[in-house]
Amino acid sequence: MIGAGIKRGTAELAVLSVLEGGAMHGYEMARRIEQQTKGALRFTLAALYPMLYRMEQHGWIRGAWETSSNGRRKRCYRLTPAGRKKLSPLRREWAELFRALRRLTKVAHA
Amino acid sequence: MPNWQELVRQHLSGLALDAAEKDEIHAELTAHLEESYEVFCAEGLPQREAVERTLVQVADWQDLQRKILIARRRKQPMQKRVHQLWIPGLLTMMLSTIFLIALQKLGFQPRLVGSGPNGILFYAPWLASLPFFGALGAYLSARGGGLLGTALLASVFPVLALTAVFLLMFPIDFVVERVIERPVDFGTVATDLLRDGIDWILVPGVALLAGGFLVHLLFNRHSWSNETAVG
């Protein structure tokens, strides 16, 4: 079973990475992550918003209400400088973890 | 179609946050559910199934409410106020005061509008600088997560502090004059209050607020220019 820490880490990485491409609101973020990971990562409303609020409190992302072209108000999130700073080491850590796991599974198969 | 707003309000009525924050969360989650439902409908799902698949996103509303509370309360209100109001406000006040002192040291004379003792003094270069200081206060507050009201409050912080000083100064002055048995001329006090209120509070306040509003407008425009994915 994947531990809560790992789950949280991947979720935060996913959100920060997707916001690197530009601002978006929660629903769009969830769709984008699902599409880009081909369904491997799925965020329900219940999983997404507590995390977004937590990340906002950390100062990694910033939400602001905006009115879209169809007149609907949506809270859009964008990366803050602190979020950008957080993203690079987080990426490195995860890349390292995946490399280590790949090595381990290769050794296990050999 | 269910009333998503009512549904969210009912399920998350126990969110122990201030009213504005609670409304904001309700509105955001309502928008998510509405959009989710509409996309399911657009994909061809029957209405009932679209509702079910939308609702399945929240298995336990109580748990969601608890998690939102934990996430939102992480930063204590006091800490928030410090970052959104006190630091930007005090910095605005400090810098604008230092600039005024520097102007006085450099020999800039205030311009007198009106005549006699009731004339109003204006430090034109100082007044011209105030929108920048107001903008700085609002910018720092917004960066700290301050909403429009807090950001504007941070921008006019110097005049708020001055107002407090004035409000304290006049009763103290009144008491002192009573103690030294000097007759108090309420007409003079009222004129002084009005004159000082105009040249140290009202006019600088408007200048600071103009800067704060400008930052608010620029922030909004900036967010639009960065906008890529609002459907």
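The values are calculated or read from the model by the stated rules, or taken from the named source; none is laboratory data. Since the model is a prediction, treat every value here as computed from it, not as a measurement. Cβ coordinates were reconstructed from backbone atoms using ideal geometry, including for glycine residues, and neighbour counts include every protein chain displayed.
Taking segment B:1-97 as the region of interest, the helices (runs of 4 or more DSSP H) fully inside it that hold 3 or more residues being within 30 Å of the chain's Cα centre (by Cα) are B:4-11, B:19-42, B:61-73, B:77-81. Within segment A:1-27, track down each residue that is modelled with pLDDT under 85 and either within 9 Å of chain B (Cβ to nearest Cβ) or under 22 Å from B:L29 (Cβ atoms) (or both). Across segment A:1-27, the qualifying residues are A:K7, A:R8. When B:P46 is tested against (1) away from chain A (no Cβ under 11 Å); (2) surrounded by 15 or more Cβ atoms within 10 Å (Cβ to Cβ); (3) not hydroxyl-bearing (S, T, Y), only condition (2) is not met.
Any idea which residue in segment A:28-83 is farthest from the other protein chains (Cβ to nearest Cβ), counting only those that are β-branched (V, I, T) and buried (at least 19 other Cβ atoms within 10 Å of the Cβ)? Let's see the steps before the verdict.
Filtering segment A:28-83 down to residues β-branched (V, I, T) leaves A:33, A:37, A:44, A:61, A:67, A:80.
Next cut, buried (at least 19 other Cβ atoms within 10 Å of the Cβ) only: A:33, A:61, A:80.
Values: A:I33: 12, A:I61: 11, A:T80: 8 Å.
Checked segment A:28-83; the qualifying residue farthest from the other protein chains (Cβ to nearest Cβ) is A:I33.
Consider segment B:56-110 and keep the residues that are touching a Phe, Trp or Tyr at 6+ places or on another chain (Cβ under 7 Å) and of a type outside the set (A, V, I, L, M, F, W, C). The one that is farthest from the other protein chains (Cβ to nearest Cβ) is B:P110.
From the list A:L41, A:L19, A:L48, A:L52, exactly one residue is assigned to a loop (DSSP other than H, G, I, E, B) and of a type in the set (A, V, I, L, M, F, W, C). Which is it? Result: A:L41 is the single residue among A:L41, A:L19, A:L48, A:L52 that is assigned to a loop (DSSP other than H, G, I, E, B) and of a type in the set (A, V, I, L, M, F, W, C). In the set (1) more than 30 Å from A:G63 (Cα to Cα); (2) touching a residue at least 40 places away in the same chain (Cβ under 8 Å); (3) in a loop (DSSP other than H, G, I, E, B), the condition left unmet by B:R182 is number (2). Would segment B:99-111 turn up any residue that is surrounded by 12 or more Cβ atoms within 10 Å (Cβ to Cβ), farther than 19 Å from B:G149 by Cβ and not assigned by TED's automatic domain parsing to the domain that holds B:I201? No.
I'd like to know if segment B:50-71 contains one or more residues that are of a type in the set (G, A, S), under 29 Å from B:F132 (Cβ atoms) and modelled with pLDDT of 90 or more. No, segment B:50-71 has no match at all.
Here are some residues: B:A190, B:A142. Which one is assigned by TED's automatic domain parsing to the domain that holds B:L85, in a helix (DSSP H, G or I), more than 26 Å from B:A102 (Cβ to Cβ) and in contact with a helix residue (DSSP H, G or I) (Cβ under 6 Å, 6 or more places away or on another chain)?
When all the criteria are applied, what remains is B:A142.
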